[in-house]
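What follows is a short report on a single structure.
The values are calculated or read from the model by the stated rules, or taken from the named source; none is laboratory data. None of these values were measured; they are calculated from a predicted model. Here the Cβ positions follow ideal geometry from the backbone for every residue, glycine too, while neighbour counts run over all protein chains shown.
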Amino acid sequence: MAPLVVAIDGPAGAGKSTIAKALATALNIEYLDTGAMYRGVTYEVLRRGLEATDVDAVARVAREVKFEQSATSLHVNGVDATTAIRTPAVDAAVSHVAANSAVRSELRERQREWIVSHGGGVVEGRDIGSVVFPDATLKVYLVASPMVRAQRRVAQHGGDVNEIARAIAERDERDSTRDDSPLRQMPDAVVVDTSERSIGAVVEHIRELLNEKTEES
């Protein structure tokens, strides 16, 4: 029997991490933030003084880097990088790292291995339902209005809401137009708008969708 995999995709600020964590807790299964992995590679690239646009050097970092990851933390090569991966410097560079095909190939394999070793889980990112787990038990594509997304980022990390909104729009454009595994909504994914809904309401809705899916199978 295939492991239970709930794929949570969507653009930055749509609530993927918050919803995915809460859903995993509600379902009593493990949670994986794939975006943190890309940020972890980016953190290590910058720590080594490399350029995020240096394709070969970044690919080497992705192959060499060691992660220790939980629902609330990320250690990169033994260093706690949980806070460091959310800095503006990483924000500015992570799209370049995520567009690197060699990096994506390496991290996709690690994500699939994670599911096997954990016997399933809630996995969130930008290509989970489309590329990493195309046969996921349930695919959810979270969306929210641009201003809500910007306000959430400011509430989490501070900054000017208009600048954050502009940065999010630029990130969306890069993620949606990259050659390898672009951000896109799959035809079999359920779109859930989180703009005006509480975390609990969204989680309950996804649980109902999952129940319907598992009953059908």
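Residues that are crowded, with 16+ Cβ neighbours inside 10 Å and either more than 18 Å from Gly125 (Cβ to Cβ) or out of contact with any strand residue (DSSP E or B) (no Cβ under 8 Å at 6 or more places or on another chain) (or both) within segment 61-80 comprise Val61, Ala62, listed in sequence order. Can you tell me how many residues within segment 42-93 are among the small types (Gly, Ala, Ser) and over 27 Å from Ala20 (Cα atoms)? Matching residues across segment 42-93 total 4. Restricting segment 177-203 to residues that are touching a residue at least 40 places away in the same chain (Cβ under 8 Å), part of a helix (DSSP H, G or I) and surrounded by fewer than 18 Cβ atoms within 10 Å (Cβ to Cβ), the residue that is nearest to the chain's Cα centre (by Cα) is Ile199.
Report whether or not Ala26 is more than 23 Å from Ile168 (Cβ to Cβ) and either under 19 Å from the mean Cα position of the chain (by Cα) or not charged (D, E, K, R) (or both). It is true that Ala26 is more than 23 Å from Ile168 (Cβ to Cβ) and either under 19 Å from the mean Cα position of the chain (by Cα) or not charged (D, E, K, R) (or both).
When Leu32, Leu46 are checked against the criterion of being surrounded by 13 or more Cβ atoms within 10 Å (Cβ to Cβ) and either touching a Cys at 6+ places or on another chain (Cβ under 6 Å) or over 19 Å from Glu113 (Cβ atoms) (or both), a single residue qualifies: Leu46. Against the test of being touching a Gly at 6+ places or on another chain (Cβ under 7 Å) and without any contact (Cβ under 8 Å) to a residue 60 or more places away in the chain, the options Val61, Val65, Val45, Val55 yield a single qualifying residue, Val65. Residues that are on the phi < 0 side of the Ramachandran plot, free of Cβ contacts under 8 Å to residues at least 40 places away in the same chain and not in a helix (DSSP H, G or I) within segment 139-165 comprise just one, Asp160.
The condition (being under 14 Å from the mean Cα position of the chain (by Cα), surrounded by 14 or more Cβ atoms within 10 Å (Cβ to Cβ), among the basic types (Lys, Arg) and modelled with pLDDT of 85 or more) is satisfied by just one residue among Arg86, Arg171, Arg152: Arg86. Looking only at residues that are in contact with an Asp or Glu (Cβ under 6 Å, 6 or more places away or on another chain) and among the aliphatic types (A, V, I, L, M) in segment 143-202, which one is farthest from Ile128 (Cα to Cα)? Filtering first and then ranking leaves Val143.
Please work out which one of (1) out of contact with any Phe, Trp or Tyr (no Cβ under 9 Å at 6 or more places or on another chain); (2) touching a residue at least 12 places away in the same chain (Cβ under 8 Å); (3) loosely packed, with under 13 Cβ neighbours inside 10 Å is the condition Ala136 fails and give its number. Among (1) out of contact with any Phe, Trp or Tyr (no Cβ under 9 Å at 6 or more places or on another chain); (2) touching a residue at least 12 places away in the same chain (Cβ under 8 Å); (3) loosely packed, with under 13 Cβ neighbours inside 10 Å, Ala136 violates only (3).
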